[in-house]
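Heads up, the thing below is written out as structure tokens.
The values are calculated or read from the model by the stated rules, or taken from the named source; none is laboratory data. Predicted model only: the values in this text are computed from it and were never measured. Here Cβ is always computed from backbone atoms with ideal geometry, including for glycine, and neighbour counts include all displayed protein chains.
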Amino acid sequence: MTNSSWSSRKLRRRCVEGIVSKLLDDALRPYALPGGAETRVSASIGISLFPDDAADAATLNKHADAAMYAAKEAARIAIAFSRR
């Protein structure tokens with residue numbers, strides 16, 4: 001891997017992580033229920049990037065699914081990238 005491709009991959013990961021972090025922030029806010037009670041959700045997100053992790057949609061989904069399960073194992077609320 002060349003130095004420029006490494007930094008390009010790193011930049012893509014940072015951009016995606018920033019977007020996903022914002023989505024998680026919104027999703028994890030408490031939700032008001034009828035009667036005044038509140039509830040919260042948890043989320044684990046797996047991310048696979050094209051073309052770094054795979055060249056086709058099926059393989060990207062497979063890697064993202066594996067990353068999601070890694071996120072679930074790591075914490076109740078987490079983001080994980082594919083390890084490919």
Point to revise | Residue among LEU23, LEU11 that alone is more than 16 Å from SER82 (Cα to Cα) and not in a loop (DSSP other than H, G, I, E, B) | key: LEU23
**Study point:** Among the candidates ALA75, ALA55, residue that is at pLDDT 90 or above and either of a type outside the set (Val, Ile, Thr) or surrounded by 14 or more Cβ atoms within 10 Å (Cβ to Cβ) (or both)
**Key:** ALA55
Point to revise | Looking only at segment 26-39, and only at residues there that are assigned to a loop (DSSP other than H, G, I, E, B) and over 21 Å from ARG76 (Cβ atoms), the one that is farthest from the chain's Cα centre (by Cα) | key: GLY35
Point to revise | One residue from ALA64, ALA70 being in contact with a Lys or Arg (Cβ under 8 Å, 6 or more places away or on another chain) and outside any loop (DSSP other than H, G, I, E, B) | key: ALA70
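Would you check which residues across segment 73-84 are of a type in the set (A, V, I, L, M) and either assigned to a helix (DSSP H, G or I) or more than 9 Å from the chain's Cα centre (by Cα) (or both) and list them? Give the derivation first.
Residues of segment 73-84 of a type in the set (A, V, I, L, M): 74-75, 77-80.
Within segment 73-84, ALA74, ALA75, ILE77 qualify.
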Practice item. Run GLY36 past the list (1) out of contact with any strand residue (DSSP E or B) (no Cβ under 7 Å at 6 or more places or on another chain); (2) modelled with pLDDT of 95 or more; (3) of a type in the set (Gly, Ala, Ser) and report the number of the one that doesn't hold. Key: (2)
Review point. Can you name the residue in segment 40-61 that is hydroxyl-bearing (Ser, Thr, Tyr) and assigned to a loop (DSSP other than H, G, I, E, B) and is also farthest from ARG13 (Cα to Cα) among such residues?
Key: SER42
